Each structure stands twice: as structure tokens, then as C-alpha cells.
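> Got a structure here, written out as C-alpha cells. Questions coming.
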Amino acid sequence: MHNPNHEHLLAKWLENSLSESERQEFESLCVHDEAFAQRVESANTMTMMAEQFEEVPVPAWDRESTFITPERSRWWQWQGLPMASMAMSALAMVMVVSGFRVDVADGRLSMGFSDAPDQQEIAAMMDRKITDYQQSNQALFTQYVDALSTQQQKNSAELTQYLLSSSRQERREDFAELVKFINEQRSDDQRFYARQINNLQQEISALEAGYSSVPPLVTPNLTDDE
Amino acid sequence: MFEKRDEQLISQALKGNRRAWLALIKRYESQIYHYGIRMTGNTHDAADLMQDIFVSVYRSLGNYRGEGSFKGWLFRVAHFRCIEFYRRKRPEQGLDDTPEPECDQHCPESGYFRDRASENLMQAMQRLPLAQKAVVELKFFGQFTFDEIAEQLGLSANTVKSRLYSALSKLKLELEVENA
């Protein structure tokens, strides 16, 4: 049966921290308590044998194997990855449960988990789309009409220019023809009058010959060139 | 030659300095090896245990906060590794107060020490339960105080004293038999 006081005394004796009264009690126990005395003797023997314990050489062993170079963790082994995955999952669940939605505005597409839009929203969307369509068509038509008008004006101007230039040419040619005709007419008239004059001269000459024996006067010969 | 303090070597080893770690091993390997011999009674097991202890120490070196001596922390790790070693080697054996089995397949190695007294002491220690053997080892060979031993083993100081008291009784008998 162990006595806690005996254990305490033995422990303090081993650590050389007995007080005077404890020392007296300890020495008394060593004298009167054989079991305690044997333990003290064992402790003494152990202390002595521990000091004299034979040191044996440490066998050769691979000390380097205990030095483990820390491995650089891969990106998929990042410690925050499970937490990030969990956070993303929680966020996704919150988005689904709360009917997360993102509106479409200015042609930008967005995603959401909300229900389908109601009839008024659909009608408003349709109105907006029809209005946009009409406006774009109107703009297109206006642009087309403007382009057509411009093209027509250009064509008219070109036609007028052509007509003006062509009539001018024709008039010039007509006048030339007229001048030429007049000149030819004058030439014909001159020839006609020359022939008439010749005939008249010949008749006069003949008449003169009939009335007298006086030879006819020599008259210059008129040619067409005169 | 001026030797670096344990804390300096630990700090350098934590930064990946191999030489600092090896210096730390050389400083304590003999104590750990002899601890292994006395705890296992076998030089081969002691060598395995020593390697196991130093691997474990290196892995948990970052957990050493400098509170208390490194030697105390080292022997605390050694004790846990020793318990693991016993669980692997002798799963049927209790770790606390069950005496070691009589010499069978785990018979302590004999003839390793030239000194007869050392041989007897080692063989006597092998018959102690692991819990008592650890206290004897740390008290007489490790030169730790009872409070330090209690902290290393995770026990109260009174329990440590009680185990030593019981162990001394058995050691007396064992040593008498060995010396007879």
C-alpha cells in the first residue's frame, strides 16, 4: 500500500529539496520502514548506475532522411481552396433561394434565377422593341429617300447639262448648214444671173446683127466665177 | 568552439538549413538512442525509434514555441513516439501498469554492453510497465524534475511520484535477481 507522504518525501529527497523537518521524517522512515528504506536504496543504486551507464556508440544511420524538404504545394492543394469552394457553393445556394437576377440593360446580357417576367413587363418590353424597330425603320427610310432625292437631282443636272450642250451643238450645226445653204443659193443665183446675162447679151447681139451689118461688139466672156 | 544555442539551430532548420538540423541531431542523437535502448531493450528497435523520433521532431519543429527547454520538448515527442512504437510492436500489451511479458519473442538484447551492471539495469528496466519505465528513464537518465516529467507525460506530479515509487520497489527486486 503506497503512502502519498512517503512518495512525496522520496521525491523531495531525490530532488534534494527536503526541509529540516522533512529530513528528520525521511531519516526516521529509513530506519523504521524497511520497504521505504529499500526504495531509497534502489533510488541510490539507480542514480549511481545511471551515472555509470555504459555509453555505446550510435550506429551509422541516415540522418539526412529526417530532413524533409518542404514541398511546394500545388495550386490545387491550396489550403483556401476548400473554403473558397464552400463559400461559392453557399453563394450559389443563396442566389438560387433568393431569386437572384440581373437586369438586361443597354444590350448587356445578365443572368439570374428569378421567375419569368409578368405580362406588363412583357408588354413594356414589346413596346420598347416595336418603338425601337419603328425608329430604326424610319431612320432607314429617311436615309433612303434622301439618297434617292440626291441621286435624282444629280441625274437631272447631268441630263440638263447634256441637253444644253447637245442643243448648242445642233444649233451650231444648223447655222452652219444654213450658211452653207445660203452660200450655195447665192452661188446658184449668181450662176443663174450670169447665164441670164449671157443669154441677154446673146439676144442683144443677135438683135443688133439683124438691124445692121455692123459686126457685133466683142464683149467680155462672163464666167461662173464672176 | 562556441556552439550555437538550440533555438538558433531550430530557427535555421525551420528556414531549410540542413546543416543546422544535422547539428541539432548530433547534439541529441546519443541521448535519444540510449533512451531508445532502455525503453525498447533492443538496439535495432532503438535505432528505428531514434529515426522515427527525429522525423517526428522535424515535422513538428514549427510547433516548438521555445517555452521550456528544447530537450524537454524533445523527450516529450520521444515519449509519444515510444508509445506509438509499443502500440505497433505489441498491440496486445497494455501501456500503463501491466508488467512487460516474460522473455519470449521480445526478449531484450543481451551481450551488447560490456559493462555487466549496465546490462543488468537495462534488462531489469524491461520488466517494468511502460508507464513506470518512462518515469524511471526521465528521472534517473534524463535528469528531469518531477514537474517537468509530469508536463512531458501529461500527468500530475503526484502520479509521476507514485509511479516512480512503485517502479523503485520492482527495480529493487529485479536488480537483486539479476545480481544473484
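> So which helices (runs of 4 or more DSSP H) stay within segment A:1-107 end to end and still have 3 or more residues that are open to solvent by less than 60 Å² (accessible area, probe 1.4 Å) and polar (S, T, N, Q)?
So the answer is A:34-51.
> Which condition number in (1) surrounded by 10 or more Cβ atoms within 10 Å (Cβ to Cβ); (2) under 30 Å from A:ALA105 (Cα atoms) is the one that A:GLN120 fails?
Status for A:GLN120: all satisfied but (1).
> Regarding B:SER69, is this residue modelled with pLDDT of 85 or more, closer than 29 Å to B:PRO129 by Cα and surrounded by fewer than 15 Cβ atoms within 10 Å (Cβ to Cβ)?
So B:SER69 fits the description; yes.
> Looking at segment B:3-24 only, could you name the residues that are assigned to a helix (DSSP H, G or I), within 11 Å of chain A (Cβ to nearest Cβ) and either on the phi > 0 side of the Ramachandran plot or among the small types (Gly, Ala, Ser) (or both)?
Answer for segment B:3-24, where residues must be assigned to a helix (DSSP H, G or I), within 11 Å of chain A (Cβ to nearest Cβ) and either on the phi > 0 side of the Ramachandran plot or among the small types (Gly, Ala, Ser) (or both): B:ALA13, B:ALA20, B:ALA23.
> Right, next: Taking the condition at pLDDT 90 or above, over 27 Å from A:PRO57 (Cα atoms) and either more than 18 Å from the chain's Cα centre (by Cα) or assigned to a helix (DSSP H, G or I) (or both), does B:LEU164 pass?
Criteria met by B:LEU164.
> Another question about this same structure. What are the pairs, 6+ residues apart or on separate chains, where a residue within segment B:113-127 that is more than 10 Å from chain A (Cβ to nearest Cβ) and assigned to a helix (DSSP H, G or I) has its Cβ under 6 Å from a residue that is open to solvent by less than 30 Å² (accessible area, probe 1.4 Å) and modelled with pLDDT under 80?
Listed pairs, sorted by first residue: B:GLN123/B:PRO108.
> Give the residue that is nearest to the other protein chains (Cβ to nearest Cβ), with candidates limited to residues of segment B:25-68 that are outside any helix (DSSP H, G or I) and free of Cβ contacts under 8 Å to residues at least 12 places away in the same chain.
The extreme case among them is B:ARG65.
The values are calculated or read from the model by the stated rules, or taken from the named source; none is laboratory data. Since we're looking at a predicted model, the values are computed, not measured. Don't worry about glycine lacking a Cβ; one is built from the backbone with ideal geometry, like all the others, and counts go over all protein chains shown. Surface areas here come from the heavy atoms of the whole protein model, side chains and all, with no ligands, DNA or RNA. Shrake-Rupley method; radii C 1.70, N 1.55, O 1.52, S 1.80 Å.
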